[in-house]
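Structure first, then comments.
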Amino acid sequence: MIMRLVQFIAENGKRRVGVVDGDKVAPLAGVDTVRDLAAIAIDRGMTMIEAAECRFDEARESYDVIASAGRLLSPIDHPDPAHLLVTGTGLTHLGSASARANMHQAASKAADETDSMKMFRMGLEGGKPPSGEKGIQPEWFYKGDGSIIAAPGDDIPSPSFALDGSEEPEIAGVYINDPDGFPVRIGFVIGNEFSDHVMERQNYLYLAHSKLRACAIGPELLLGDLPGHVEGVSRVYRDGGILWEKPFVSGEENMSHSIDNLEYHHFKYDIFRRPGDIHLHFFGTATLSFADGIQTRDGDEFEIEAKPFGRPLRNRLAVQPEEPVKVRVI
């Protein structure tokens, strides 16, 4: 069984959590956030679906009205954004190495293959270990805290110093650490991981810089099992028309790492098991408009959709004005 949740602002201005029911949203009684619902599920030893089913309200609201009024929120957040960490992994999908290797080929002329290809091959050989065994660790990166997440329909800000700002259609896991510090996966979201690929292409060691960007997820949180094979479509719009469109696939059948392996190598660090913290962890992709020569610009619109995740995620690219940065000495 699966279920999809949204967070939204009701007409009275209060936050609500609702179950998606076709073109309607069924608000849940007694909880204002997905975080609240997860806390109840953890405390009572229930699944997220069971916790939601206990709180069905007979009322229904129009999904279209909520969305058109700009009242959809990101499907997960935290009242203190510093306690929501956004991270991810790369080179995890079959086919993901080719685009990355081409980006870094110039810097690796003396080698038989790029570091990206080496990392990818390591994942192919050891990214899906037998149950109970530890596999090879993946590439890992930090994106930011909860303040970088753009809500569905909102602009994705790109800093003035960015050399590129392009989409990355990905699935991400959503986790909450229980009171004892054990990570609990509460669901999955579709997302736009969004990165600066030109900066990364200059030198692989700029990967960390290129990932310190905003992202977007949602609009829906998928509860239950993630299908082994997920098909989706990623699009870039410019001036009202489609500039680029391409299908993408995800799910473990299309990955060189198992999700269990990615989760282990993230949560093996005790700093990521602080009670109460939320983690949004991107699982990677093999499909980028940048790899096809697309250069985005201010005002371009991104659309990412995959059937298991409900409605598409749409956001507009907004280049930010330059902000002078000077360290004050006292």
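The values are calculated or read from the model by the stated rules, or taken from the named source; none is laboratory data. These numbers come from a predicted model, not from an experiment. Cβ sites come from the backbone with ideal geometry, for glycine too, and all protein chains shown count toward neighbours.
Inspection of region 284-301 finds no residue satisfying the criterion of being at pLDDT 95 or above, of a type in the set (S, T, Y) and in a strand (DSSP E or B).
Annotation: of all residues in region 158-204 being of a type outside the set (A, V, I, L, M, F, W, C) and in a helix (DSSP H, G or I), the one that is farthest from the chain's Cα centre (by Cα) is Q202.
For region 194-202, indicate whether the set of residues that are in the same structural domain as G90 (by TED's automatic domain parsing) and under 24 Å from M46 (Cβ atoms) is non-empty. No: zero hits.
Considering region 199-215, and only residues there that are out of contact with any Ser or Thr (no Cβ under 8 Å at 6 or more places or on another chain) and in contact (Cβ under 8 Å) with a residue 40 or more places away in the chain, the residue that is surrounded by the fewest Cβ atoms within 10 Å (Cβ to Cβ) turns out to be A208. Just a yes or no: is a residue in region 243-256 under 19 Å from G144 (Cβ atoms), touching a His at 6+ places or on another chain (Cβ under 7 Å) and in contact (Cβ under 8 Å) with a residue 24 or more places away in the chain? Checking region 243-256: not a single residue is under 19 Å from G144 (Cβ atoms), touching a His at 6+ places or on another chain (Cβ under 7 Å) and in contact (Cβ under 8 Å) with a residue 24 or more places away in the chain. Only one of the listed residues (E305, E263) is in contact with a Phe, Trp or Tyr (Cβ under 9 Å, 6 or more places away or on another chain), among the charged types (D, E, K, R) and on the phi < 0 side of the Ramachandran plot. That residue is E263. Among the residues examined, L223 qualifies as crowded, with 17+ Cβ neighbours inside 10 Å and more than 24 Å from E125 (Cβ to Cβ). Would you check if there is a residue in region 240-251 being β-branched (V, I, T), surrounded by 17 or more Cβ atoms within 10 Å (Cβ to Cβ) and either over 23 Å from P129 (Cα atoms) or assigned by TED's automatic domain parsing to the domain that holds I294 (or both)? Yes, region 240-251 has at least one match. Among the residues of region 33-49 satisfying the criterion of being charged (D, E, K, R) and surrounded by 14 or more Cβ atoms within 10 Å (Cβ to Cβ), which is nearest to the chain's Cα centre (by Cα)? Among them, the one singled out is R35.
Among the residues making up region 58-81, those that are over 22 Å from the mean Cα position of the chain (by Cα) and in a loop (DSSP other than H, G, I, E, B) are E58, A59, R60, A69. Please work out if G240 is modelled with pLDDT under 95 and at positive phi. So G240 passes the test. Screening the candidates G310, G284, G276 for the property of being in contact with a Gly (Cβ under 8 Å, 6 or more places away or on another chain), touching a residue at least 40 places away in the same chain (Cβ under 8 Å) and either over 19 Å from L163 (Cα atoms) or surrounded by 14 or more Cβ atoms within 10 Å (Cβ to Cβ) (or both) yields one hit, G284.
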